[in-house]
1. Each residue of region 5-14 in order: what ³J(HN,Hα) in whole Hz does its phi give by Karplus 6.51 cos²θ - 1.76 cosθ + 1.60, θ = phi - 60°, with x for Gly and Pro?
2. Can you list residues whose amide H is under 5 Å from Thr135's amide H, if they're 5+ apart or on another chain and H is modeled 1.01 Å from N?
3. Hey, with R₀ at 30 Å, roughly what FRET efficiency would Asp36 and Thr135 work out to, going by the Cβ-Cβ distance, to 0.05?
4. Evaluate the relative contact order of region 1-44 (contact order divided by residue number), counting alpha-carbon pairs under 8 angstrom at least 6 apart; express in whole percent.
5. Could you run the Karplus curve 6.51 cos²θ - 1.76 cosθ + 1.60 with θ = phi - 60° over region 36-44 and give me ³J(HN,Hα) per residue in whole Hz, x for Gly and Pro?
6. Could you tell me how many degrees, from 0 to 90 and to the nearest 10, lie between the Cα long axis of helix 143-153 and the main elongation axis, the longest principal axis, of the Cα atoms of the chain?
7. So how far apart, in nm, are the two label points at Asn68 and Glu89 if each is 7 Å from Cα heading toward Cβ?
8. Going toward the positive end of the dipole of the chain, with +1 on Lys and Arg Cβ and -1 on Asp and Glu Cβ, which of Thr11, Ile64, Thr168 do you reach last?
Amino acid sequence: MKDPRILDSLTHGMYVLTANGGGCVVDAVSQISIGDHPLVSVAVMKKNYTNELIKKNGTFALSILGTNTDSSVIPTFGFKSMRETNKFEKADVTQILGLNVIKGALGYLICEKVDEIDNDTHTLFIGRVVECDVTNAGEPMSYGYYREHKEELTKVKTESGKTAWVCTVCGYVYYGDELPADYVCPICGVGADLFEKKSDD
Ligand SMILES: Cc1cc2nc3c(=O)[nH]c(=O)nc-3n(C[C@H](O)[C@H](O)[C@H](O)COP(=O)(O)O)c2cc1C
C-alpha cells in the first residue's frame with residue numbers, strides 16, 4: 001500500500017456500543033438502509049468482550065457522542081476491557097429496553113442483530129434499529145475531531161513520577177519509563193514508533 005494514511009480520511013463518528021453486560025468505544029459504524037427500521041452495521045474486534053456479548057445476546061445499543069458529551073466515557077469504554085474493570089461504575093447511564101445508554105450522549109439507537117459477518121480481525125454486526133431517540137442537543141463528534149483533540153479529550157496527564165507513552169493514532173496511554181521496542185498498541189495495533197513520550201516537565 002503506497003500510503004495507508006488515506007484511510008484516516010474515511011469519515012466516522014464516535015459512539016459507545018453497549019450490549020447486555022459491557023460496552024466499548026467504536027467509530028466503525030455505518031447506516032445500511034433507510035425506512036422505519038433502518039439497518040446499521042458496526043465492526044467489532046473479535047478480541048473485544050463486547051463482541052462476545054453481542055453474539056450471545058443478539059441486541060446492542062449505540063450512544064452517539066457529541067463534542068459536548070463528557071469525554072471521560074472515551075478512556076472508560078475505549079482503553080480498558082470489561083474483562084478487567086467494571087466500566088459502568090464510572091459512567092452515567094440510563095436503561096432503554098434493557099440496554100445501558102450514555103446519558104450525556106446526543107441520542108441512541110437500540111438494535112436487534114440480524115446478521116454477523118466474520119472477517120479477519122473484526123465481526124461486522126448488522127442490526128435493525130428498533131428504537132431511537134434524540135436526548136441532548138449538540139454536534140456529533142467525528143473520529144477526525146477525536147484525533148485532533150485526543151489529548152484534552154482523554155486527559156492524558158503524567159501522574160507524578162510516571163512517564164506516559166501516548167499512541168498518536170488512538171490516544172491509548174502506556175505508563176512506564178521505557179516503551180518496549182516490540183510494543184503493539186492493544187487498541188489500534190500500531191507499533192512503538194507511533195507512540196509519543198510525555199513526562200513531567
Ligand atoms: C477512538 C477509538 C475508536 C475505537 N473504535 C473501535 C471500533 O470501531 N471497533 C472496535 O471493535 N473497537 C474500537 N475501539 C477499541 C475498543 O473500544 C477497545 O478495544 C475496548 O477496550 C474494548 O473493550 P471490551 O473488551 O470491554 O469490549 C476504539 C477505541 C477508541 C479509543
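1. 5, 4, 4, 5, 8, 5, 8, 10, x, 10
2. Gly107, Tyr108
3. Numbers: r = 20 Å, r/R0 = 0.68.
Taking R0 as 30 Å, the efficiency between Asp36 and Thr135 is 0.90.
4. On the way: 44 pairs, mean separation 11.1, N = 44.
Here the relative contact order equals 25 percent.
5. Coupling constants for region 36-44: 4, 10, x, 9, 10, 10, 9, 9, 10 Hz.
6. 50
7. Going from the Asn68 label point to the Glu89 one covers 3.2 nm.
8. Ile64
Read the figures in this text as sums done on the coordinates, not as results from a lab. Worth saying up front: this structure is predicted, and the values here are computed from it rather than measured. A quick note on method: Cβ atoms are made from the backbone with ideal geometry, for glycine too, and the neighbour counts reach across all protein chains shown.
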